[in-house]
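Notes follow once the structure below has been shown.
The values are calculated or read from the model by the stated rules, or taken from the named source; none is laboratory data. From a predicted model like this one, the values you see are computed outputs, not experimental measurements. Note: ideal-geometry Cβ built from the backbone for every residue, glycine included; neighbour counts use all protein chains shown.
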Amino acid sequence: MTDSSPDVNVLLVDDLQENLVALEALIRRGGRRIFSARSGEEALSLMLEHSFALAILDVQMPSMNGFELAELMRGTERTRTIPIVFVSAAGRELNYAFRGYESGAVDFLYKPLDPVAVRSKVNVFVELFRQRQDLQAAKADLQRAVSMRDDFMSMIAHELRNPLNSVYLQAQLRRRMFSAPKGPDAGQMLRMVERDERQIRSMVRLLDDMLDVSRARTGHLAMMPAPFDLAQSTREVVEAIREQARSSGIAVTLAAPESLPLVGDEFRIEQVITNLLTNALRYGKGNPVAVTTGLREQEAQAFVSVRDQGAGIAPEDQERIFEQFERAEGDNKVPGLGLGLYIARQIAQAHQGRLEVRSTPGEGAEFVLSLPLPPSQPA
């Protein structure tokens, strides 16, 4: 049993307080909560409120004896699976054990109790209860995994269908253009090819994300560290995406030093910055996006900050969005699988860095990539 295991409940039912105290002293140990009841009615009330690994019932109780209580337990959905052990001071000649087993008991004990036997039996039922809980948790995890798989396949189908449909329609249009008497227009054909390229790049990015998730989960996310200039890499990413931003009427600003040398996988770091900047354009509601690259001298770290002026992210979502297939609430209309931030954080951690978000709902969001400076480089 680990320290994090929840306590297991055991129920003792006897009309005599001294018997309850003696039995509790006998079986109490760490990781167990002992509940006591002086009557069948009180016991039923406890069983409807708590989950029990075992119920130890005294047979000879007034108003409702142990056998009657057991029959009521077996007739109630919540209590019918609780194992019952009967305890009796009556002699074996009364054949109480036979009636006890008929009532659904799993064991029958006679007083005076053998302490070793009692502890051993309770240990067995507590351990069986723990194993049943573990199996139920494993079953729930498996069901969640199956549900996640089904959701994943549905998202993949949806995300691939749109660009494939577009490429297919473009191909049909080109067929008609080539069949026309005048033949295709060169300018129109070039625009169609460019649209095809954008759709194909979208599908390739989707497949790359899926591969990166698989690699990250198995610890095989490829890294090729080498000296590079973080400031220059950030400038190149911003310039590459400015055309997309300009077509959407979004201004992207960059504040960066002339040079900021680091050691890392330049391609992977650019992948993170591209993801953060693309997300800012998607969720920024058309407002300006600010990118800042610089140093934190006291921490010997370089950083890249991407700030948007969108709706922001609720506090309860700010860690969840870094998990696989997760997004903030209300993001379902935005294309993508919810893999980008998961991959980006894995890349940051592979560089011994961090990727964090700072956000207040209604005031936009700032994602900050922090990377350690090379040991030989003074802050």
Requested in this report: Mind listing whichever residues of the range 240-267 are more than 35 Å from the chain's Cα centre (by Cα), over 15 Å from G284 (Cα atoms) and modelled with pLDDT under 90?
Outcome: E243
Query - Sole exception among (1) closer than 15 Å to E366 by Cβ; (2) surrounded by 17 or more Cβ atoms within 10 Å (Cβ to Cβ) for P288, by number - result: (2)
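Has the range 89-104 got any residue that is closer than 23 Å to E127 by Cβ, hydroxyl-bearing (S, T, Y) and modelled with pLDDT of 90 or more?
Here is the first cut: in the range 89-104, the ones closer than 23 Å to E127 by Cβ are 100-101, 104.
If we keep only those that are hydroxyl-bearing (S, T, Y) as well, we get 101.
Cutting the leftovers down to modelled with pLDDT of 90 or more gives us none.
Checked against the condition, which is being closer than 23 Å to E127 by Cβ, hydroxyl-bearing (S, T, Y) and modelled with pLDDT of 90 or more, the range 89-104 yields no hits at all.
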Query raised in the report: Within the bounds of the range 297-304, is there any residue that is surrounded by fewer than 16 Cβ atoms within 10 Å (Cβ to Cβ) and modelled with pLDDT of 90 or more?
Result: yes
Query - Of all residues making up the range 214-263, the number that are closer than 24 Å to E194 by Cα and among the acidic types (D, E) - result: 3
Report task. Return the total of residues in the range 9-52 being surrounded by 21 or more Cβ atoms within 10 Å (Cβ to Cβ) and aliphatic (A, V, I, L, M). Result -> 8
Query raised in the report: Out of (1) surrounded by 14 or more Cβ atoms within 10 Å (Cβ to Cβ); (2) farther than 23 Å from D114 by Cβ, what's the single condition that is false for G66?
Result: (2)
**Report entry** Among the residues listed as I27, I34, the single one being at pLDDT 95 or above and assigned by TED's automatic domain parsing to the domain that holds I84
**Finding:** I34
Query raised in the report: If you take the residues of the range 321-358 that are at pLDDT 80 or above and assigned to a loop (DSSP other than H, G, I, E, B), which of them is nearest to S214 (Cα to Cα)?
Result: E323
Report summary line: Turns out the strands (runs of 3 or more DSSP E) fully within the range 181-293 with at least 3 residues that are free of Cβ contacts under 8 Å to residues at least 60 places away in the same chain are 226-229, 252-255
